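This report refers to the structure that appears directly beneath it.
The values are calculated or read from the model by the stated rules, or taken from the named source; none is laboratory data. Because the structure is a prediction, the values reported are computed rather than measured. In this analysis, Cβ positions are derived from the backbone assuming ideal geometry, glycine residues included, and neighbour counts consider all displayed protein chains.
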Amino acid sequence: MNPSTHPLITFIGGGNMASAIIGGLVRQGHPTTALQVVEPWDEQRTKLAQQFPGMTVLPTAGASLKPSELVVWAVKPQTFKDAALAAAPFLGQALHLSVAAGITSESMAAWLGTQRIVRAMPNTPALVGLGMTGLMARAAVTEDDKALVERVVRTTGELVWVNVEADLDAVTAISGSGPAYVFYFLEAMRDAGAKMGLAPEVAQQLAIGTFLGAATLAQRSTDPLQTLRERVTSKGGTTYAAITSMEASDMKALFEKALVAAQTRAAELGAEFGK
């Protein structure tokens with residue numbers, strides 16, 4: 001973060017994702033005095049105030065809100081409309097960044113009375129600075145606006161831009177919900193290892209280390225994923241036996257079906273809570 005400019009950033013909602021972004025900003029040198037949060041839960045407000053001394057923490061949006069350059073919406077989809085209608089009169093001409101799943105920018109524009117809206121789909125590894133976020137901007141968002149959004153989002157990890165808003169539903173299915181799939185496979189590998197006679201903690205350590213190492217290798221390699229897989233899969237060997245078993249169960253098709261279900265639900269959330 002450029003130390004010469006610290007825009008005032010407001011967070012509507014102070015839960016885990018907001019905390020991850022705030023923590024990233026502070027680590028990058030953004031002063032807590034240039035941050036304010038609206039968080040209705042007493043316990044979470046106390047936690048935020050203790051964690052980030054100097055930051056303004058408010059129970060509701062009102063006239064006490066300072067004029068902001070950027071407003072980050074970190075609320076649940078089902079509460080977004082009410083929160084937006086309550087806060088809109090006090091947010092001026094701010095740029096808006098939403099991390100709420102499903103809620104369309106069209107709905108946000110109607111509730112907030114502005115077209116300067118960027119939608120984001122982050123994921124929970126943002127909590128440890130290894131997030132992957134998909135972003136989409138409405139036409140009224142300028143290049144300077146995008147640059148500010150990128151400065152904020154990059155404090156939590158990597159990002160990609162998509163041009164079509166519907167693509168964010170696919171981003172949600174792949175990376176937004178993706179950590180849960182990884183945890184699911186880790187659970188399966190741990191449980192399988194335990195059934196094979198390993199101590200569960202040993203099996204878990206092996207599984208996590210393998211996922212981390214394989215993902216890092218894929219990230220750093222210029223070879224296609226298929227090539228990396230084939231290098232580990234000698235015909236007639238142990239890996240070949242496992243892959244053959246997975247293919248016999250049509251695991252790829254089942255996994256694709258699961259991701260399509262997530263994509264469909266993301267679109268449904270927008271329709272359900274965007275009215």
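Tally time: how many residues in region 235-263 are among the hydrophobic types (A, V, I, L, M, F, W, C) and over 30 Å from the mean Cα position of the chain (by Cα)?
Quick first cut of region 235-263, residues among the hydrophobic types (A, V, I, L, M, F, W, C) only: 241-243, 246, 248, 251, 253-255, 258-262.
Still in the list and also over 30 Å from the mean Cα position of the chain (by Cα): 241-243, 248.
Going through region 235-263 one residue at a time, the tally reaches 4.
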- Listed by range, helices (runs of 4 or more DSSP H) wholly within region 172-259 having at least 3 residues that are β-branched (Val, Ile, Thr) and not assigned by TED's automatic domain parsing to the domain that holds ASN123 are 200-220, 238-248
- Note on the structure: Per the filter on region 85-98, residues outside any loop (DSSP other than H, G, I, E, B) and either over 13 Å from THR10 (Cα atoms) or modelled with pLDDT under 90 (or both) are LEU85, ALA86, PRO89
- Task: Identify all residues within region 112-132 that are buried (at least 21 other Cβ atoms within 10 Å of the Cβ) and either in contact with a Lys or Arg (Cβ under 6 Å, 6 or more places away or on another chain) or touching a residue at least 40 places away in the same chain (Cβ under 8 Å) (or both); write none if there are none.
- Result: ILE117, ARG119, MET121, PRO122, ASN123, ALA126, GLY131
- Restricting to region 194-227, what's the tally of residues that are closer than 25 Å to SER175 by Cα, of a type in the set (Val, Ile, Thr) and surrounded by 10 or more Cβ atoms within 10 Å (Cβ to Cβ)? 4
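Taking the condition in contact with a helix residue (DSSP H, G or I) (Cβ under 8 Å, 6 or more places away or on another chain) and on the phi < 0 side of the Ramachandran plot, does ASP145 pass? Write out each step before concluding.
On the way: in contact with a helix residue (DSSP H, G or I) (Cβ under 8 Å, 6 or more places away or on another chain): no; on the phi < 0 side of the Ramachandran plot: yes.
Against the criterion (in contact with a helix residue (DSSP H, G or I) (Cβ under 8 Å, 6 or more places away or on another chain) and on the phi < 0 side of the Ramachandran plot), ASP145 does not qualify.
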- Meets criteria (polar (S, T, N, Q), modelled with pLDDT under 95 and assigned by TED's automatic domain parsing to the domain that holds ARG154) for GLN36: no
- Since ASP169 meets every condition but one in (1) among the acidic types (Asp, Glu); (2) modelled with pLDDT of 95 or more; (3) under 27 Å from ALA262 (Cα atoms); (4) assigned to a helix (DSSP H, G or I), which condition does it not meet? (2)
- Query: Can you tell me which residues in region 42-82 are in contact with a Lys or Arg (Cβ under 9 Å, 6 or more places away or on another chain) and of a type outside the set (Ser, Thr, Tyr)?
  - Reply: VAL57, LEU58, PRO59, LYS81
